[in-house]
1. Any residue that is among the acidic types (Asp, Glu) and either in contact with a Pro (Cβ under 6 Å, 6 or more places away or on another chain) or assigned by TED's automatic domain parsing to the domain that holds ALA116 (or both) - is there at least one of those in region 82-95?
2. Select from region 121-170 the residues that are assigned to a helix (DSSP H, G or I) and among the polar types (S, T, N, Q) and write down the one among them that is farthest from GLN88 (Cα to Cα).
3. Please go through region 77-107 and give me each residue that is in contact with a strand residue (DSSP E or B) (Cβ under 8 Å, 6 or more places away or on another chain), more than 17 Å from ASP145 (Cβ to Cβ) and touching a residue at least 40 places away in the same chain (Cβ under 8 Å), ordered by number.
4. Given the condition assigned by TED's automatic domain parsing to the domain that holds LEU147, surrounded by 21 or more Cβ atoms within 10 Å (Cβ to Cβ) and at negative phi, answer yes or no: does some residue in region 98-111 qualify?
5. Just to be sure before I move on: is ASN163 in the same structural domain as GLY93 (by TED's automatic domain parsing), of a type outside the set (A, V, I, L, M) and over 13 Å from ILE75 (Cα atoms) in the structure I sent?
6. Scanning for something outside the structural domain of VAL126 (by TED's automatic domain parsing), assigned to a strand (DSSP E or B) and touching a residue at least 12 places away in the same chain (Cβ under 8 Å), does region 65-74 turn up at least one residue?
7. Is it fair to say VAL59 is outside the structural domain of ALA142 (by TED's automatic domain parsing) and within 17 Å of the chain's Cα centre (by Cα)?
8. Residue by residue through region 17-54, note down the ones that are out of contact with any helix residue (DSSP H, G or I) (no Cβ under 7 Å at 6 or more places or on another chain), small (Gly, Ala, Ser) and in a strand (DSSP E or B).
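The values are calculated or read from the model by the stated rules, or taken from the named source; none is laboratory data. Owing to the predicted nature of the structure, the values given are computational and were not obtained by experimental measurement. Virtual Cβ from ideal backbone geometry, glycine too; neighbours counted across all protein chains shown.
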Amino acid sequence: MSTPVKVSQGESEIKEKLVNLARVAKVTKGGRTFSFSALVVVGDGNGSVGHGLGKALDVSESIQKAVQDAKKNMIKVSLHKGTVPHEQKGKYGAGKVLVKPAADGTGVIAGGAMRAVLEMAGVHNVLAKSQGSSNPHNVVKATIDALSKMRNAHEVAKNRGVNLNKVYEG
């Protein structure tokens, strides 16, 4: 399963991508009060990815909070030759996703929010489909759920207590 990754503030190789920015309104007696909600995905392009949500009265401050939250919520993803090791479904709320390995040269075939997560994780060839909700928050969390369930052949062999060749046979 996935393990949280410790990220120091000084690491420069972590990239960030804004997935969704929403202006939200709170209606009070004095009128509407506007603030901003930002959904950000961060990753090192080498198997670590995380998502975060930030809310503030200013756009840049909400993005900054989201990036800090995303760095706290990073997970390590199993990758195999630039793609995912096996087909996997992920679910969060009404958001459902399907992630399948693809041949070299295929590229990232995924929509909006899923594409951001997969690219930040360092996946170069993948077929992905978002089913159900198109809400970016649910799609991002469902994609991270699918990636966190990924297991490589070494983990499977270790858990079963058999050698690696036995895993590929059966």
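1. Yes, because at least one residue in region 82-95 is among the acidic types (Asp, Glu) and either in contact with a Pro (Cβ under 6 Å, 6 or more places away or on another chain) or assigned by TED's automatic domain parsing to the domain that holds ALA116 (or both).
2. Here the residue is ASN165.
3. HIS80, THR83
4. Yes, region 98-111 contains at least one residue that is assigned by TED's automatic domain parsing to the domain that holds LEU147, surrounded by 21 or more Cβ atoms within 10 Å (Cβ to Cβ) and at negative phi.
5. Working: in the same structural domain as GLY93 (by TED's automatic domain parsing): no; of a type outside the set (A, V, I, L, M): yes; over 13 Å from ILE75 (Cα atoms): yes.
When the stated conditions are applied, ASN163 does not pass them.
6. no
7. no
8. ALA22, ALA25, GLY31, SER35, SER48
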